[in-house]
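The values are calculated or read from the model by the stated rules, or taken from the named source; none is laboratory data. Fair warning: this is a prediction, and the values are worked out from it, not measured in the lab. Neighbour counts run over all protein chains shown; Cβ positions are idealised from the backbone, glycine included. Please note that ligands, DNA and RNA were not included when accessible areas were found on the heavy atoms of the full protein model with its side chains. Shrake-Rupley method; radii C 1.70, N 1.55, O 1.52, S 1.80 Å.
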Protein chains: 4
Amino acid sequence: MVISGRTDLAAEAHRLWRESVPEAGALPGVRAAGETLEGLSVTAVDILNEEGERALGKPRGRYFELFLPSLFPQRGPDLERAVGALAVLIRRCLPQPLPSSVLVAALGNPDVTPDALGPLCAGQVLVTRHLQTDPQFRNLRPVALCRPGVLGTSGVESAFQVQTLCRALRPGCVLAVDALAGAEPGALCRCVQVSDTGIAPGSGVGNDREALSPATLGVPVAALGVPTVIDAAALSPESRLAGFFVTPRYIDSAVRQYARLLGYAINAALQEGLSVEEMEQLLD
Amino acid sequence: MVISGRTDLAAEAHRLWRESVPEAGALPGVRAAGETLEGLSVTAVDILNEEGERALGKPRGRYFELFLPSLFPQRGPDLERAVGALAVLIRRCLPQPLPSSVLVAALGNPDVTPDALGPLCAGQVLVTRHLQTDPQFRNLRPVALCRPGVLGTSGVESAFQVQTLCRALRPGCVLAVDALAGAEPGALCRCVQVSDTGIAPGSGVGNDREALSPATLGVPVAALGVPTVIDAAALSPESRLAGFFVTPRYIDSAVRQYARLLGYAINAALQEGLSVEEMEQLLD
Amino acid sequence: MVISGRTDLAAEAHRLWRESVPEAGALPGVRAAGETLEGLSVTAVDILNEEGERALGKPRGRYFELFLPSLFPQRGPDLERAVGALAVLIRRCLPQPLPSSVLVAALGNPDVTPDALGPLCAGQVLVTRHLQTDPQFRNLRPVALCRPGVLGTSGVESAFQVQTLCRALRPGCVLAVDALAGAEPGALCRCVQVSDTGIAPGSGVGNDREALSPATLGVPVAALGVPTVIDAAALSPESRLAGFFVTPRYIDSAVRQYARLLGYAINAALQEGLSVEEMEQLLD
Amino acid sequence: MVISGRTDLAAEAHRLWRESVPEAGALPGVRAAGETLEGLSVTAVDILNEEGERALGKPRGRYFELFLPSLFPQRGPDLERAVGALAVLIRRCLPQPLPSSVLVAALGNPDVTPDALGPLCAGQVLVTRHLQTDPQFRNLRPVALCRPGVLGTSGVESAFQVQTLCRALRPGCVLAVDALAGAEPGALCRCVQVSDTGIAPGSGVGNDREALSPATLGVPVAALGVPTVIDAAALSPESRLAGFFVTPRYIDSAVRQYARLLGYAINAALQEGLSVEEMEQLLD
């Protein structure tokens, strides 16, 4: 992720716009709506055209924001509801019917706590592409997983690595997971964004430059992310805050719990009918 | 460490006081002075009496603050200078001549990145108490090390654990290492505090209550710490920032590098004449 | 654990004796019996007197060995059955009624894979001693946990650390967890031993010398362990095998899975009526 | 690595052949010779033709085996000598003059201790491909690094991943690092093999199938490896040992130390004139 003093969340950008221009009507080129899924609050923001892109600073497409009641989605009914709701949103951002094979790209830096969401999520995804000849797993959709790491430890842009592997494997779609930068403390580690636009350049905490988008990958791309940091300079105009993060005090735990939630939601979206209990047994 | 909207650094508290009351002369009960060690800037603050204790919010005693030119004290001459300067300050805060045995208490939560300074430092300390019968190590001062963990994972106050072990081992002194909370972004992961007052209650990021002090342990106690976080609520009066941290973006690396610096400085202070090169071989 | 060319498992020692002396009747001073718990096979060996102690090389007391059908007790009904059976055996090795507070001692070296059973198990134990004032947790028995580490990283015998803390906390009993050395490949990471004799000196992989026993701790001590290694020298008389281990290929996974099983079984034994699902939520 | 009851070391295969046929003269198709580099013993084995390939069970090419005096190459003169000797052997197995860019492939499973050599080594390699526009690093040869992980966690053969990236980056050569299986306890974690043949199928501890060879990658490939395990079934004909490893007791430390040695040797071979001290500063 690249911290940039702005938010990677479309719904948050929309909220901030409404707060800054309270007298305004609807934002041209943007459609926003709320709904409830599994008892959880969802905001949908559609960016419809260039006017909307400029207004919210993101490419056109669909963005969903799922709000959670806790920083730490614990095992049990709460986790199951969040998994169920997220699986619905992920499927809405993927082609229908679901492609017969999927590549999951787990982005971010495993050595920077708030950026480790993708790498930690990788361990919770059911990787099945190599199991297709095993009758026990024949009903599982083939899923491959790529952990490109970061430029500093591979010498290669992570987007380039994903593109290269994508061209070689030719999956039906890509699902990218990455940590995001937010703007409001109240949204940090409290919501998940799902979109059908991929990962735009300049998202997140890291420094990788190129996009993972339908245009660069040649297949549909959905993206899943959680805001884990705020640029401290965004909270206060002091220049002495450049290079500083704001994170929840228990970011280490929150990132682990969200990584599990996202991994389980990916499994639920891609492997229809699989319960949390069943995936936990398969992941063990 | 307990984040409390204030600083654990005596020299920083003194700086903030001078900034807030620029017309004032000297602070009663406090004596501050600067010096240079190994080319590095040191501020010494002596809290002399109750008046000074109230003014700076810390117990009376000596506090040194060593400033470093970088967030990441890399191997090489920079690290050696910092180790040398810190070793001098540590010895000033311990009884002279040095006691014949020492207990190092590595405080903090290994699972909370900015609070992991103590646990990470533990791996860089030469533990020698059990090697006294080995002629090869006979010249090394006996050092024992205690990692009490945190209340949530042991069920026992860390101070109580250190007290109990201290009573059983009867070392000549205790050296406590812990992460600190600071107030100024410019000091975060840029300085080390050494004091002869131990760890006061309410220091740091965690929630452990009791002090590690000469009074509670019955032996002299020196403390070593690095400010790794600022309470976000201290930067801005917004209540919505309660529970949020400000840290340097590369806090994971910075904590590891400072943990090494502190461990090496402890070795240099306790094992006279040992070079960085020699201790790296012994630690390997 | 100290690998010593012999087995830490009483039931295995008994099996090996019967294989070596097939014509023999019962071993004097030893009583062995089988039973089934939750569908799993249990062997009970009671060492009754000095004759039995000499014959099997272990102190008198009760030893249970629970055999599992897999190296990797996965989540689901298999794990629940194993947790249930082990909880029964743990309670049989503790005083009845259960003491009102318990100290768990997680022994072993976190940096040596097959010896990391204790440290990994520590993360799966519900630590509750500090929660007694919280009404939500009032029904949980107070449990404290001690991770003494190993002599090489603390400078203090781990048994001495546990004794010291035990004297200070005065729990009603101690439950020690440690990796064991076995003799038969087929038992490695396939069984759990529970005994009421504590940890005898020279057990396990490490080098810590003193015992954790009712005699040294002054309270009842139950011990839980899993054989994770065989001394390679025990398999073949070649001196060139001194210093080598035999382990299952997937020892890293097996140790993690067994650590979870043991932690859950401790929770089930000490917190009556708590289901696996409930403890997973509390541990999250 | 794939444990297969045989050795991945050409020099060891040659030694075992000579022990089994002591009366024989030279092995047809094989040339073996000894030398000393930096005071360390090196065995060179050249497999010259098909006859030699059949005899030693490895593809034709050059194999060097460097023997070390210790399981733990510690910092200091010992490490520097080993780094220097290995750098010479690596350069002998790469094209001359050295290609202007290199791809390092770090193979193996980070979650299986004796197979983690490659992943741990990755952290010790100077990755420089992305730094070419920075004048400070202009003198460093561009090095990219690939950690393909294992089939079970990515769903993609690691050889396929390296091939794909190699085709996209077009480096002048590939340097592959992997853990090996050996046959003699005395060679385990005591030697390093360097060859110009790549990684043959069935090497190592894992299960990845395809080769990384000049034929499959289209560029010269050197391979670096350390024997970390012996198939227990190879030590004793008992079927009950299938699925068991023999490793040195301190395999966790040994793998970490060898990973550092190999990383440093790669740096010394690829970045001419760089000292161990300089690379430690750059890696910090």
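Starting from the amide H of A:Val221, placed 1.01 Å from N in the peptide plane, find each other amide H under 5 Å away whose residue is 5 or more places distant or on another chain.
A:Val174
One-quarter of the Cα convex hull surface for the range D:78-166, in nm²?
Details: hull surface 29.9 nm².
Averaging across all directions leaves 7.5 nm² for the Cα convex hull.
State the Kirkwood hydrodynamic radius of the range C:116-195 in Å, one decimal place, computed from all pairs of distinct Cα atoms.
Values: mean 1/r = 0.0667 Å⁻¹.
Mean inverse Cα-Cα distance, inverted, gives 15.0 Å.
Farthest toward the dipole's positive end in the range C:234-284, which of C:Val246, C:Leu270, C:Ser236, given Cβ charges of +1 (Lys, Arg) and -1 (Asp, Glu) about the Cα centre?
About the Cα centre, the residue reaching furthest to the positive side is C:Ser236.
Once R0 is set to 30 Å, what does the formula 1/(1 + (r/R0)^6) return for the Cβ-Cβ distance between A:Glu277 and A:Thr133, expressed as a FRET efficiency to the nearest 0.05?
Working: r = 26 Å, r/R0 = 0.86.
In this case the efficiency is close to 0.70.
For the range C:128-134, just list the computed ³J(HN,Hα) in residue order, Karplus coefficients 6.51, -1.76 and 1.60, θ = phi - 60°, integers in Hz, with x standing in for Gly and Pro.
Those phi angles translate into 10, 4, 8, 9, 5, 8, 8 Hz.
Interface size between chain B and chain C, please: total buried accessible area, 1.4 Å probe, rounded to the nearest 100 Å². Write down the numbers at each step before the final one.
Details: alone 12790 and 12800 Å², together 24100 Å².
Interface between B and C: roughly 1500 Å².
Just read off the accessible area of B:Lys58 with the full protein assembly in place, 1.4 Å probe, to the nearest 10 Å².
20
Report, largest value first, the span of the C-alpha coordinates of chain C along each principal axis, in whole Å.
60, 43, 38
Please compute the average number of Cβ atoms from other chains found within 10 Å of each residue's Cβ in peptide D:117-127.
Numbers: counts 0, 0, 0, 0, 0, 3, 2, 0, 2, 1, 7.
Partner Cβ neighbours, averaged per residue: 1.
Compute for the range B:142-183: radius of gyration divided by Kirkwood radius, i.e. Rg/Rh, restricted to C-alpha atoms, rounded to two decimals. Please report the intermediate quantities before stating the final value.
Values: Rg = 11.9 Å, Rh = 11.7 Å.
Across the range B:142-183, the Cα-based Rg/Rh ratio is 1.02.
Starting at 0 and stepping by 10 Å, how many percent of the alpha carbon pairs of the protein assembly as shown end up in each bin?
2, 9, 17, 22, 23, 17, 8, 2, 0, 0
Place a +1 charge on the Cβ of each Lys and Arg in the range C:228-284 and a -1 charge on the Cβ of each Asp and Glu, then give the dipole magnitude about the Cα centre in debye, rounded to the nearest 20. Before the final figure, lay out the partial values.
Details: 4 positive and 8 negative charges, 82 e Å.
Result for the range C:228-284 is approximately 400 debye, rounded to the nearest 20.
In whole Å, largest first, what are the principal axis extents of the Cα atoms in the range D:1-149?
60, 34, 34
Give me the percent relative contact order of chain B, please, defined on Cα pairs under 8 angstrom at least 6 residues apart.
25
Per 10 Å bin, what is the whole-percent P(r) computed from every C-alpha pair distance within the range B:217-259?
23, 33, 27, 15, 1
Nearest 10 degrees, 0 to 90: what angle lies between the long axis of helix A:158-169 and the longest principal axis of chain A (Cα atoms)?
Helix A:158-169 sits at roughly 30 degrees to that axis.
Cα centroid distance between the range B:119-195 and the range C:82-131, in Å?
Taking the Cα centre of each part, the range B:119-195 and the range C:82-131 sit 26 Å apart.
Given the range B:30-144, what percent of its DSSP beta bridges are antiparallel, to the nearest 5?
Values: 14 of 16 bridges.
Close to 90 percent.
Once amide H atoms are placed 1.01 Å from N in the peptide plane, what residues at a sequence separation of 5 or more from B:Val30, or on another chain, have their amide H within under 5 Å of its amide H?
Counting only residues 5 or more places away or on other chains, the set is B:Leu48.
Where the convex hull is taken over the Cα atoms of the range A:129-284, what is its projected area averaged over directions, in nm²? The partial results should precede the final answer.
Details: hull surface 44.4 nm².
So the Cα hull casts an average projection of 11.1 nm².
Evaluate 2.2 N^0.38 Å with N set to the residue count of the range B:229-284, then give the Cα radius of gyration divided by it. Don't skip to the answer; put the middle values down first.
Working: Rg = 17.8 Å, N = 56, 2.2 N^0.38 = 10.2 Å.
Cα-based Rg divided by the globular estimate yields 1.75.
Tell me, what ³J(HN,Hα) does each residue in the range B:145-156 have, in order and in whole Hz, if you take phi through Karplus 6.51 cos²θ - 1.76 cosθ + 1.60 with θ = phi - 60° and put x for Gly and Pro?
9, 10, 10, x, x, 10, 3, x, 10, 10, x, 10
With a cap of 13 neighbouring Cβ atoms within 10 Å, and only residues DSSP puts in a loop, list the trypsin sites (Lys or Arg not before Pro) found in the range B:6-35.
On the way: sites: B:Arg6, B:Arg15, B:Arg18, B:Arg31; in loops: B:Arg6.
Here no loop site has a sparse enough neighbourhood.
From the phi angles alone, apply the Karplus equation (6.51, -1.76, 1.60; θ = phi - 60°) to the range D:178-189 and give each ³J(HN,Hα) in whole Hz, x where the residue is Gly or Pro.
My calculation for the range D:178-189 gives 7, 6, 10, 9, x, 10, 9, x, x, 9, 5, 6 Hz in order.
Just the accessible area for D:Leu283, please: 1.4 Å probe, Å², rounded to the nearest 10?
50
Where nothing but the Cβ of Lys and Arg (+1) and of Asp and Glu (-1) is charged, how large is the charge dipole of the protein assembly as shown around its Cα centre, in debye to the nearest 20?
Numbers: 96 positive and 120 negative charges, 0 e Å.
Dipole about the Cα centre, nearest 20: 0 debye.
Between 0 and 90 degrees, rounded to the nearest ten: what's the tilt of helix B:251-270 against the longest Cα principal axis of chain B?
Taking the Cα atoms of chain B, the angle to B:251-270 is about 50 degrees.
Take every residue in peptide A:167-175, count the Cβ atoms of other chains within 10 Å of its Cβ, and give the average of those counts. It would help to have the intermediate numbers written out before the result.
Numbers: counts 3, 8, 5, 0, 0, 0, 0, 0, 0.
For this peptide, the per-residue mean of nearby foreign Cβ atoms is 2.
Using only Cα atoms, what Kirkwood radius does the range B:20-107 have, in angstroms? Write down the numbers at each step before the final one.
Working: mean 1/r = 0.0655 Å⁻¹.
Averaging 1/r across every pair of different Cα atoms and inverting gives 15.3 Å.
Which value, in debye to the nearest 20, gives the size of the charge dipole of chain B about its Cα centre, when Lys and Arg are +1 and Asp and Glu are -1 at the Cβ?
Charge dipole, chain B, about its Cα centre: 420 debye, nearest 20.
Accessible area, 1.4 Å probe, largest first: how do C:Leu145, A:Leu151 sort? Spell out each step's value before the answer.
Numbers: C:Leu145 5, A:Leu151 40 Å².
Per-residue accessible area, sorted high to low, gives A:Leu151, C:Leu145.
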